[in-house]
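> Supplied in C-alpha cells, the structure appears directly below.
Coordinate-derived values only; no laboratory data. The model shown is predicted, which means the values in this text are computed figures rather than measured ones. With ideal geometry, Cβ positions are generated from the backbone for all residues, glycine too; neighbour counts draw on all protein chains shown.
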Amino acid sequence: MGAKKIVITGGPGTGKTSIINELLRRNFVCLEEVSRQVTLEAQKQGIAQLFLTEPLLFSDMLLEGRRKQFLKAISSNETLTFLDRGIPDVVAYMDFLGTKYPNRFIEACKSHTYDHVFILAPWQQIYVSDNERYENFDQAVKIHDHLVNTYSHFGYNLHDVPFDPVEKRTDFILNIVENL
C-alpha cells in the first residue's frame with residue numbers, strides 16, 4: 001500500500017517549501033519540488049525560463065519527476081509521505097498559461113491519486129520573487145485559482161492552510177492528517 005501521499009500545493013511564494021522544510025526538521029519523509037531542479041538544469045544549458053519558452057517540454061519533465069515521486073511514496077515503508085506539489089499542478093499551470101496539452105496529462109491525474117491535498121493561498125506579506133520564480137503576486141493569485149479548480153475537478157477535497165507562522169501551519173496540517 002505504501003505511505004499516505006499528502007500534497008502541499010499552492011501558487012508560487014505561498015510558503016510550501018518552508019512547510020516542507022519544517023516537516024523534514026520534524027523527521028517526516030518529504031519529496032521536494034521538482035520544478036526548481038528542472039529550471040536550474042535548463043538555465044545551465046542557457047535556457048532562462050524553460051517553462052515560458054518550451055512549456056510542454058517543461059511540463060513533460062515535471063510530469064515524469066512527479067510520477068517518480070508518486071511511485072517512491074507508494075513503495076515507501078513510511079506511513080506518511082509529504083510531496084511539494086502533485087501531478088495536477090502540472091495541468092493547472094498549463095491551463096494558467098493557456099498551453100494545449102495531450103490527454104496523457106489528464107490520464108496521469110486520474111491514475112495517480114493522493115490521499116490528502118493541502119493548499120496555501122497567496123500571501124502578499126511573504127511573497128518574494130527569485131531566480132526560479134518569475135511570477136508576480138497577481139499571477140500567483142491566478143495560479144492559485146487554477147490549482148483550486150484543477151484539484152477540485154479531479155475530486156479532491158482541499159484543506160486550506162491558514163496564514164500563520166510556519167510552525168503553526170505545519171501543526172495545522174499534521175493535526176488534520178492525524179485525525180483523518
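> What's the FRET efficiency of Asn179 with Glu107 using the Cβ-Cβ distance as r and R₀ = 35 Å, to the nearest 0.05?
Numbers: r = 32 Å, r/R0 = 0.92.
That gives a FRET efficiency of 0.60.
> Just want the ordering: Leu24, Leu62, Leu31, from fewest to most Cβ atoms lying within 10 Å of their own Cβ. Before the final figure, lay out each step's value.
Values: Leu24 13, Leu62 24, Leu31 21.
In order of increasing Cβ crowding within 10 Å: Leu24, Leu31, Leu62.
> Simple spin-label model, 7 Å along Cα-to-Cβ: Lys142 to Gln124 in nm?
It works out to 1.8 nm between the two label points.
> In Å and from the alpha-carbon atoms only, list the Rg and Dmax of region 1-91.
13.8, 42
> Another one. Taking a spot 7 Å from the Cα of Gln49 along the direction of its beta carbon, which residues of region 142-158 have an amide N less than 15 Å from it?
142-143
> Between Lys68 and Asp171, 0.36 nm times their residue separation minus their Cα-Cα distance comes to what?
Values: separation 103, 0.36 × 103 = 37.08 nm, distance 2.75 nm.
Working it through step by step, the gained length comes to 34.3 nm.
> Give me the tail of P(r) for region 76-121 as a percent: Cα-Cα pairs with distance above 13 Å.
64 percent
> Using Cα pairs closer than 8 Å and at least 6 residues apart in sequence, work out the relative contact order for the chain, in percent. Walk me through the intermediate numbers first.
Details: 268 pairs, mean separation 63.7, N = 180.
35 percent.
> Still on this structure, please answer the following. Considering only Cα-Cα distances, which of the following residue pairs are longer than 18 Å: Lys72/Lys168; Lys16/Lys100; Lys5/Lys110; Lys4/Lys72?
Over 18 Å apart, Cα to Cα: Lys72/Lys168; Lys16/Lys100.
> Extension gain His153-Arg25, at 0.36 nm per residue separation less the Cα-Cα distance, in nm?
Working: separation 128, 0.36 × 128 = 46.08 nm, distance 3.31 nm.
The His153-Arg25 span can extend by a further 42.8 nm.
> Between region 14-87 and region 100-124, what's the alpha-carbon centroid distance in Å?
Here the answer is 13 Å between Cα centres.
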